Each structure stands twice: as C-alpha cells, then as structure tokens.
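The values are calculated or read from the model by the stated rules, or taken from the named source; none is laboratory data. Since this is a predicted model, take the numbers as computed values, not measurements. Quick reminder, even Gly has a Cβ in these numbers, built from the backbone with ideal geometry, and neighbours come from all protein chains shown. Quick note on the areas: whole protein, heavy atoms, side chains included, nothing else; ligands and nucleic acids left out. Shrake-Rupley method; radii C 1.70, N 1.55, O 1.52, S 1.80 Å.
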Amino acid sequence: MYGYAGRVLRVDLTTGKTRVEQLNTEIAKKYVGGIGLGMKLWLDNSQAGVDPFSPDNPLILTLGPISGTMFPTAGNGHAFVSKSPATFGIGEAVAHGTFGAEMKRAGYDAVILTGKSEKPVYLWIDDDSVQLLDASHLMGKSPAETEDAIKDELGDYYIRVASIGLAGEKLSRIACIINEKTRAAGRTGMGAVMGSKNLKAIAVRGTRDIVPAKPDEFMDMVKEFHERMKGPATQKYRTLGTPENVLVHNALHCMPTRNYNNAHFENAEKVSGEVLNEKFVAKIIGCSSCAMRCEHEVIVPEGAYKGTMTRMEYETLWALGPYCGIDKLDAIIKGMELCNYYGMDAISAGVIVGFAMDCYEHGILSKADMGGVEANFGNAEALIQILEKMGKREGIGDVLAEGVRIAGQKIGKGAEKLAQHIKGLEVTGYDLRCLKTAALGFAVSFRGADHNRHGAYAFDVKGKVDRLKAEKGRGRMVRDMEDTYALIDSFIVCKFSRGTYYKEMPDMAKLYSLVTGFDMTPEELKKAGERINTIARVINVREGLGRKDDTLPWKVMNLPIPDDGPVKGAVVTQEELDLLLDDYYTARGWTLEGLPTTEKLKELGMDDALRIVEGKQEA
Amino acid sequence: MVKIHERKFVSCDPDKCVGCQICEYACSWTKEKAFNPMKSRIRVVRVNQIANMAVACRLCEEPACIAACPRDALTQSEETGAIIVDKDKCNGCGWCIEACDYGAIMLHPESKIVYVCDLCKDKPDGPQCIKWCPEEALTLVTSDVLAQKARIGAVKKLFQEAKAKK
C-alpha cells in the first residue's frame, strides 16, 4: 500500500489495552485522510449526545496520505478530531511541524484514543511498540518542558511530542495540543479532551520508509512545486508573514478592535508586521519538507519581557493586541509565550481577554471580580495577568477559561452580548460586519467562528465582490472554498501553500494519485471535499446543531461599525444572514434548515449517514 | 592523495538553514529510494527554534573514525577524501560512531553497518542535498573557502557597523 500506512491504532486508556486494525481502504478513499478521515472515524466510534469530557468521547489523531513524503509542506501535518467542549459539535484542529511525518513513519494513518486513564499517562509509540507510561511527574509542565523531559527520559532526541499544558489538564475549553514547542492544534479545545482522558502527551518515533506509488513522476512534481514555492504565491509568508495583515485589515477597517467595539485600531502602526519584523523577528524557520518556510520566530530584545522567544502570526498578534486595544508588541509576544506555556489557543485566549476588558469597562466585572486587575482596554499588564489567571484557572480566570460563551452566561448582566463567538468558538481577526462573504463562511463553519474552514474573506478583502453586500452567489463561493479547505486539511498540506496549486483540483488529484496509486480524478476529489463538509454537518445535526446555530456574534448583527471611514455603519442584518444562509444551503443541496437531503447523501455515497438525518429533514 | 586544502565537503550555513529536513529527504531518496531521515547521510539538528543546522561528514585529515576502527573497515578516498566503508569488514561495532566528533557516521537501521556521506560520487551533478536545499544553505566547499567567506562576512559587518555609528 502506498500513501496510506494501512493501519489504525486503537488505545483504550481505561484498560490500557492497545490494538492495531487495518485501515478500511474504501473509507480512506472517500474521506481522504486528516480531518475527513478523522470525522468519519469519530462518527463511527461515538454515540449521539456524548459529553465532550466523557471517556466515551474518542479523541482521534490522523495523518494524511501525503504525510511523510517529500512533497513540500505535505509531509508534516497531523490533525486531532473529537467532539468539541467549546462548540459541542465536531471539533478539529490541524498542526504542522515534524510530528505528523514521524507518526506516519511509525506506520499509522490514525490513532483512536478512547476511555480515561486512572492516573496521568503519556502514550509512547516506538514504531510497533506502543506503551502507556506514567506521566505524574510531567503534570503542570508546559508542552515545551514536557517535550524536553520525555526526550530526556526516553533517551532519544529525535522523538516528536505533542502534549498539553496546564490548561488542558484543567479542562479549559480553549486548551490546545502543542508539538515542537510552537506548533499548535489550536482551535476547538482538543487539548481539554486530551486532558479529560488523563493523557498528557503523545510521543512518537517512526523509522519506516515512505515510498510514493509513482516515484519518478512524483519527484518531477516535487521539483515543480519547489519552483512554484519560490514564486509570488508564497511571497507573503516568506517575507513579512501573516502579520502583514495588520495594516492591510486596518486600512480596510476590517480588523475587530477592543472586542468588536471598533473595526479600526488607531495604533495599528505600532503593532504592524513591518515593526514586528524589524524589531523582533530573529529567524524564519520551516516545518519538515517545506520549501517556503513561514514560521516567524521572535525574540524580545529589551525591557520587562527581554528574552521572550516565541512564534508570531497575524491571528494571535491581533487577538492579544488590537482586540484588547493593546499596542505594545513586547507584551503581545509575552502573551503569546504564556498561551504556549499553558497550552491555550492564543486566538481564543486573546478574544476572551478582550471580552473580559469589555465587561470591566461596562461595569459588569469589577476590579474585585478581576482579582485586583485594572482590566481596561489597552492595559498590557492586565493582559498578562488575566492570561496567567486563565492558564492556572485562578479567580476570574476559572470562569474565563470556559470560553466566552459559557463565561458570558455565568457572568450574566448582559455579558452574553459582549461574548463574540459562533457556536461557542471565539471569533478571529476579520470584522464580519464589513466582510459579508466571510460572514457567511464563519456562520456556517462546522467548527464555529473560524477563517480556516473556508478562507472566504479573500473575496472581500481582495475586492473580488462588494464586501458590504449580501447577495445570491456567495453561497456557491463559500461552498467551493470550504471543499478545497477541507481537502487541504485532509491531505494534509499547508494552507499557506494553497496558492501553489495553480490548477486547484487537477493538481491536488494528481498529487493524490501519484502518492497513493489510486486514480483520483479532479471531479472525484471535489466530491470528496463536499463529502467531508457534509459529514461534518451530519455530525453536527446528530449533536443537535442546525440553522439556529449558523449565526453571527451579537455585535456583528447589532452594533454597526462606528468608525469614520469606508465602512461606517456596516452591520449584518437578520434578513441578510437569512438570504446568505438560504443561498448556501441551496448551493449545498441541503434543506433550508441546513440538513443534507436523502438524495444528496446518496449521491455522495453516504448511505450510512441517512439514519442520522432521516425524519429530521421535514421537521 | 587529495590535500586537506583541496578537500570539498558539504557545509551548512546556520544563518540560512531553517531546519526543514529537505536535505534528509533528498539524501535518503537518492541513496535508498525511500523517504526516511533515519537513512540520510546528512542530519538536521534543531537546538532551539532559532538554531538550526545540518551536519554531514567533514572529510577530516587523519579521520578519527578510521583510527578507531578495529577491523580496518574504513579508508579515505585518495581522490576526494571521502570515507569509504568496506561492507564486508564492517560489523557495526560502532567505535567509529563514538570517535566522530560530529555524529556524521551512523549505523544503518537495516544493513547494520555504518554509512556516511560519499558526496554522491555516482551523481554527475554532485551532492543532491545541495541541489535540493531551497534556502541555499548547503555548499560544497573547501575549508579555505569557508575561511574566506567568514572573513569577508566579518569585515562587511565591521564596515556596516562603523557606517551605522556615523
């Protein structure tokens, strides 16, 4: 077998038993790998309504068919899939680095983790040898410390580790799973699911050969893509990196600022990608097999946070900076380091701090509530203090670690309206009031508020559509982008490399065929992308989500953009949202309640999902 | 016998290396027709996020690996200075591995005998890791040229700093 390892590892943490099963090739071809395969395996191994923290909620780790090969960016990704403690729908998060390639060389396409260990353990996968080892001495350690400690005690410095920090141990709903110190499977609280199983880390060493089915043609394609990666398609990532977006978004007034009170940050110049690169970026590094490299490593050269070293991207910079009204890059970098230290999704963490600051300024949270922190917008020290409290779940941090939706409900007094989330997942750095294609993409995203499920903001930001208009046709645009993005996360290749697939589906289908030896046409692949989005929807339907949840944060629909400028007064009305949703569901071939129809499921070869939606479609 | 001054080896510039492991993939593919860093003659080390470097054989003068071998399995190429492993004599005892200061000679996971960079002697266009490195961090150089490069770099920096102070 080529591309796929052909094996699935099952680990029952309750009994400590492990078992290797054959990969079902038909399922693999239909759902590709990565998040697609992960969601299929999750659906088949769980019961409806399972609590995210129940031992019966499987946590699934998957690789892609391209993982472990030399294809640029494709060798290195891995995905975690489970029911999300943030959204109570399907959760998934992808990370890159070297962990995925190592896991593939160990000979697995997926690891299904079920049950709950009595004591803290970590999973040690050494090719065919699989063990659960005591992790009590690792508890409380950061993912970076955990990684170093495991390498030390197992005596092999090429072991790759994915682990949780204190936030995951304490079931914070924004906990992530971090590999190689700075790479996070960030969103939807996968780290908390791992924590609920008393599983501190997964360590892996793999020594098998990876060989593509058609080596010569494959190497020609690798060569071609190495050249493409030197070109304009990846230039942004190789130079300023994603923080370039700060000034771009700010100029367009689409950068949510101070918890969505503004769409424009007056001090954006101080936290721009340009300043970050000039004063803080020490090195740009790459993941395994990547021919473009994007990871901007920053070091704070002086001041209170001197010596702080971490990775910095737009989303996290935005969340910890402008979204909290903060214009001090050194503090933002320190905040990022703290998020990695505790193992928190830095996007959600920043949005939560912005929410807490908004509550504070509205008098909903007092200084006493905040444990003495003067949590005004723009207070950089408060950012650090609140993040510390969240990481340790101390004082107000205990409530905030639940994410803005639950925190808003617990705090009450109108805090719910200040909680900017979709399906319980915190927003990201695109002001949806003035980016209406993105607004649709965010509303229907199966994992909640997120730009990475569709990238629909690109149409708005690049001026390909009237970004202030909600009109028919956006549904198809979002649908097509969703299908592509689902495939990217199932292969798994890096989203930053998406521009190098000049002929999107034909290029990807060719890559899949050369690696696996299974002939895949562009049409079949496109259908697989549709199938992956559909199974996500089927899962969410089974878990009780529907059209009512395909909505937008309160401020997006109720607080028009106040800033003077190109988009003053922009807001998304219920009528606009309804129009967009109808258009999207129609484009998908779903009912207007957002349920896949029987015909659609049959067309996609998903007859096994019929039992879940049938009977609900007419209701 | 090629003199130490003329000996060219694969050198990595740590300022350029990003730790992407493409050299490892290229090496294992060239030599073993498989993607497997465990079978690469060049190895990437990431000490921390900003310290990355690939390491391959330095073609030492009076190589410690040869001196350490109790079975005379290692010799040095008169033509290039590369270490040649006699597959019949090597029994994988690992004395050479212990003797090498750079970790450049390794035990092969399958054949159980040692292997080391041979400068892709069978390839007309030379070491494939150099061809593939997207950062141009790898070069085939003599130590004299390395010293030249370092000198030029240092002097340039001095002048830039002097200029900046003015």
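Among A:181-189, B:144-152, what's the highest-first ranking by average C-beta atoms within 10 angstrom per residue?
In decreasing order of mean packing, A:181-189, B:144-152 become A:181-189, B:144-152.
Considering every residue in A:558-570, what mean count of other chain Cβ atoms within 10 Å of its Cβ is obtained?
0
Could you give me the ³J(HN,Hα) list for the range A:11-18, computed from phi with Karplus coefficients 6.51, -1.76, 1.60 and θ = phi - 60°, whole Hz, x at Gly and Pro?
Taking θ as phi minus 60°, the curve returns 10, 9, 6, 5, 8, x, 8, 10 Hz for the range A:11-18.
For B:GLN76, which sequence-distant residues (separation of 5 or more, or a different chain) have an amide H within less than 5 Å of its own amide H, given hydrogens modelled in the peptide plane?
It is B:ILE84, by chain and number.
Considering protein heavy atoms only and a 1.4 Å probe radius, which residues within the range A:53-77 exhibit an accessible-area decrease of no less than 40 Å² in the full assembly relative to the chain by itself?
Residues shielded by partner chains are A:MET70.
Would you work out what percent of the accessible area of the range A:278-384, with all protein chains in place, is carbon or sulfur (probe 1.4 Å)? Intermediate values should be presented prior to the final figure.
On the way: 1400 of 3020 Å².
Whole-percent figure for carbon plus sulfur exposure: 46.
Tell me, what is the FRET efficiency for A:GLU374 and A:THR15 to the nearest 0.05, using R0 = 45 angstrom and their Cβ-Cβ distance as r? Don't jump to the answer; show the numbers that get you there.
Values: r = 51 Å, r/R0 = 1.13.
Efficiency at R0 = 45 Å is approximately 0.35.
Is the shape of the range A:7-205 rounded, prolate or oblate, going by the alpha carbon gyration tensor and its root eigenvalues a ≥ b ≥ c, with a/c under 1.5 for rounded and a/b larger than b/c for prolate?
In terms of gyration-tensor shape, rounded.
Output needed: Cys residues of chain B lacking any neighbouring Cys C-beta below 4.7 Å, sorted by number.
B:CYS12, B:CYS17, B:CYS20, B:CYS27, B:CYS60, B:CYS69, B:CYS90, B:CYS93, B:CYS100, B:CYS120, B:CYS133
Out of the total accessible area of the range B:111-166 (probe 1.4 Å, heavy atoms of protein only), what percent is carbon and sulfur?
Here it works out to 59 percent.
Which whole-Hz couplings ³J(HN,Hα) result when phi for each residue of the range A:296-312 is put into the Karplus expression 6.51 cos²θ - 1.76 cosθ + 1.60, θ = phi - 60°, listed in order with x for Gly and Pro?
7, 8, 10, 10, 7, x, 7, x, 4, 10, 3, x, 4, 10, 7, 8, 9
Starting at the first residue of the range B:59-73, write each ³J(HN,Hα) from the Karplus equation 6.51 cos²θ - 1.76 cosθ + 1.60 with θ = phi - 60°, in whole Hz, x for Gly and Pro.
6, 4, 6, 6, x, 5, 5, 5, 4, 7, 6, x, 10, 6, 7
In whole angstrom, how far apart do the alpha carbon centroids of the range A:19-66 and the range A:570-619 sit?
Taking the Cα centre of each part, the range A:19-66 and the range A:570-619 sit 23 Å apart.
For A:ALA282, which sequence-distant residues (separation of 5 or more, or a different chain) have an amide H within less than 5 Å of its own amide H, given hydrogens modelled in the peptide plane?
Answer set, sorted by chain and number: A:GLU297, A:VAL298, A:ILE299.
Considering protein heavy atoms only and a 1.4 Å probe radius, which residues within the range B:104-153 exhibit an accessible-area decrease of no less than 20 Å² in the full assembly relative to the chain by itself?
B:TRP132, B:PRO134, B:GLU135
Got a sec? What order do A:ASP480, A:ASP128 fall in by accessible area at 1.4 Å, biggest, i.e. largest, first?
On the way: A:ASP480 55, A:ASP128 100 Å².
The ranking, largest first, comes out as A:ASP128, A:ASP480.
Just tell me how shielded B:40-49 is by partners: mean number of partner chain Cβ atoms within 10 Å of each residue's Cβ, no decimals.
Details: counts 0, 0, 0, 1, 3, 2, 5, 1, 5, 14.
Rounded to a whole number, the mean comes out at 3.
With a 1.4 Å probe, what is the total accessible area buried between chains B and A, in Å² rounded to the nearest 100? Don't skip to the answer; put the middle values down first.
Details: alone 10500 and 20740 Å², together 28580 Å².
Buried: approximately 2700 Å² between A and B.
Looking at the range B:15-38, which residues lose a minimum of 50 Å² of accessible area between their chain alone and all protein chains in place, measuring with a 1.4 Å probe and not counting ligands or nucleic acids?
B:VAL18, B:GLN21, B:ILE22, B:TYR25, B:TRP29, B:PHE35, B:MET38
May I ask which residue of A:VAL50, A:THR234, A:TYR260 lies farthest towards the positive end of the charge dipole of the protein assembly as shown, with charges of +1 (Lys, Arg) and -1 (Asp, Glu) on Cβ and the Cα centre as origin?
Working it through, the farthest residue towards the positive pole turns out to be A:THR234.
Which percent of the accessible heavy-atom area of the range A:418-547 goes to carbon and sulfur, probe 1.4 angstrom?
Using a 1.4 Å probe with all protein chains present, the range A:418-547 comes out at 51 percent carbon and sulfur.
Per residue, what accessible area does the protein assembly as shown have, given a 1.4 Å probe and all protein chains present, in Å²? All intermediate terms of the calculation are to be shown ahead of the outcome.
Numbers: 28580 Å² over 785 residues.
Ligands and nucleic acids excluded, the result is 36 Å² per residue.
Please report how far the C-alpha centroid of the range A:284-328 lies from that of the range A:357-427, rounded to the nearest whole angstrom.
23 Å
Can you list residues whose amide H is under 5 Å from B:ALA54's amide H, if they're 5+ apart or on another chain and H is modeled 1.01 Å from N?
B:VAL45
Please check: in the Gaussian network model of chain B (C-alpha springs, under 10 Å), which one of B:VAL47, B:VAL155, B:VAL114 has the largest mean-square fluctuation.
B:VAL155
Report for chain A the percent antiparallel among DSSP-assigned beta bridges with both residues inside it, nearest 5.
Roughly 80 percent of the DSSP beta bridges within chain A come out antiparallel.
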